[in-house]
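Taking it in order: structure first as structure tokens, then the write-up.
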Amino acid sequence: MTGRAADKYPDVFSGTYSDAIAMPKLVRLGPNLVGAAFTLMKLVPARYILRRAARDGRIRPGGRIVETTSGTFGLALAIEAALHGWRLTLVSDPVIDDRLAARLRDLGAEVEIVSEPAPGGGYQQPRLDRVTRLLRDDPEAFCPEQYRNPDNPLSYSAVADLLLERLGRIDVLVGTVGSGGSMCGTARFLREVCPELRAVGVDTHRSVIFGQPDGPRPLRGLGNSLMPANVDHTVFDDVHWLSHGHAVRATRDLHRRHAVYMGPTSGAAYAVASWYARHDPGRLHVVLLPDEGHRYQDTVYSDEWLHRNTEPEVPAEPRLVDDPRDGLDGWSYLHWDRRPAAYAAGPVEAGAGGVRRG
């Protein structure tokens, strides 16, 4: 837009698609529960990391970005790369969604698929090894390194600012944990104003982040087979583990009850946050809902797929465990009590039963 209209309405016509959708919409999900619903939450760290790198000269005009991803961080990078004219190579594995891969390529990204898993299973390490080789062959390429780049959690100061501006005091923050950026960053910044904030992490079975043994994880978008450097375990008061089926059923419940159309990572977080809000009506709870549901029309939002791939009943209450390895199925939780990372490698001493109210 040029000329008089652009001069008269600069705020209307200057924003990109990325600018328009980066921050969440706040949605009331109950008397004391607010959802921070993102179109694409990974835009928060992707924008911050890439734009700082460009400002500092670590990405040159037309330069190349290389990263490993099988999910929405890759989409966020592809959006930013398309808008800024950067070249992008993404290293993924066979579990990447076909529609997502097609969208990435349409945005100009090169998508490499690592087809051979590690000897012990899993693709995370082979993907990282491939990124290392690509960076060695192209020393001027930039790698965002979402799992270890401190700019990832730092970027969520903007989300914390928005929540405080709109809601004032927040008592409990609930969200899924994958790279560690969203929950660790948002909780740390919120505690500068709300020091008594309780942070509840949501993981899935056989993710190593909070001390379970590595194994197959049907629920994608959270959890990890390697320990991300950006996970600050001392942030978390409680940790929950949910199954794939439970998350999917909660995702559909979120849509039916509130018309909020999200993916299964959001459903997992919503299931846990709803339980806390019901049991603690005097506190304000905020749940981070990371991604919209459009990628899941043929799966999560298909009744036929739902009945074929998930259990018909899910637990109404979580089971308190004393050790992460006791929570390998169903819905379980543990009072983490802000312990350091070393506790993720062994037993964790749990507190008394029931919802910890601080």
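Tabulated values for the structure
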item: All positions within the stretch 208-220 that are within 20 Å of Leu288 (Cβ to Cβ) and surrounded by fewer than 23 Cβ atoms within 10 Å (Cβ to Cβ); result: Arg217, Arg220
item: Residue check, Glu110 closer than 14 Å to Leu77 by Cα and either touching a helix residue (DSSP H, G or I) at 6+ places or on another chain (Cβ under 6 Å) or surrounded by fewer than 20 Cβ atoms within 10 Å (Cβ to Cβ) (or both); result: yes
item: Qualifying residue in the stretch 70-84 (condition: free of Cβ contacts under 8 Å to residues at least 40 places away in the same chain, charged (D, E, K, R) and not assigned by TED's automatic domain parsing to the domain that holds Gly185); result: no
item: Conditions (1) in contact with a His (Cβ under 7 Å, 6 or more places away or on another chain); (2) charged (D, E, K, R); (3) modelled with pLDDT under 70; number of the one not met by Arg357; result: (1)
item: Some residue of the stretch 173-186 being outside the structural domain of Val91 (by TED's automatic domain parsing) and either surrounded by fewer than 24 Cβ atoms within 10 Å (Cβ to Cβ) or among the basic types (Lys, Arg) (or both); result: no
item: Complete set of residues in the stretch 312-338 that are surrounded by 13 or more Cβ atoms within 10 Å (Cβ to Cβ) and closer than 19 Å to Ser266 by Cα; result: Val314, Pro315, Pro318, Gly330, Trp331, Ser332, Tyr333
item: Pick from the stretch 328-342, criterion in contact (Cβ under 8 Å) with a residue 60 or more places away in the chain and out of contact with any Pro (no Cβ under 9 Å at 6 or more places or on another chain), ranking: nearest to Asn230 (Cα to Cα); result: Ala341
item: Selection status of Thr89, of a type in the set (Ser, Thr, Tyr) and touching an Asp or Glu at 6+ places or on another chain (Cβ under 8 Å); result: yes
item: Among (1) of a type in the set (A, V, I, L, M); (2) under 28 Å from Ile21 (Cα atoms); (3) out of contact with any helix residue (DSSP H, G or I) (no Cβ under 6 Å at 6 or more places or on another chain); (4) modelled with pLDDT of 95 or more, the one test that Val248 misses; result: (3)
item: Criterion violated by Ala160 - all others in (1) over 21 Å from Ser266 (Cβ atoms); (2) free of Cβ contacts under 8 Å to residues at least 40 places away in the same chain; (3) part of a helix (DSSP H, G or I) satisfied; result: (1)
item: When residues of the stretch 125-157 are limited to those that are assigned to a helix (DSSP H, G or I) and acidic (Asp, Glu), the one surrounded by the most Cβ atoms within 10 Å (Cβ to Cβ); result: Asp151
item: When residues of the stretch 195-207 are limited to those that are buried (at least 20 other Cβ atoms within 10 Å of the Cβ) and assigned to a loop (DSSP other than H, G, I, E, B), the one farthest from the chain's Cα centre (by Cα); result: Leu197
item: Index of the failed condition, Arg278 passing every other in (1) within 21 Å of Tyr156 (Cβ to Cβ); (2) part of a helix (DSSP H, G or I); result: (1)
item: Residues being surrounded by fewer than 24 Cβ atoms within 10 Å (Cβ to Cβ), closer than 21 Å to Pro318 by Cα and of a type in the set (A, V, I, L, M, F, W, C) - total across the stretch 237-266; result: 1
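For every residue, the table says whether it meets (1) within 17 Å of the chain's Cα centre (by Cα); (2) modelled with pLDDT under 95.
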{"position": "Ala53", "(1), (2)": "no, no"}
{"position": "Ile59", "(1), (2)": "no, no"}
{"position": "Val66", "(1), (2)": "no, no"}
{"position": "Ala81", "(1), (2)": "no, no"}
{"position": "Thr89", "(1), (2)": "no, no"}
{"position": "Asp93", "(1), (2)": "no, yes"}
{"position": "Ile96", "(1), (2)": "yes, yes"}
{"position": "Leu100", "(1), (2)": "yes, yes"}
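The values are calculated or read from the model by the stated rules, or taken from the named source; none is laboratory data. Not measured: the values here are computed from a predicted model. Virtual Cβ from ideal backbone geometry, glycine too; neighbours counted across all protein chains shown.
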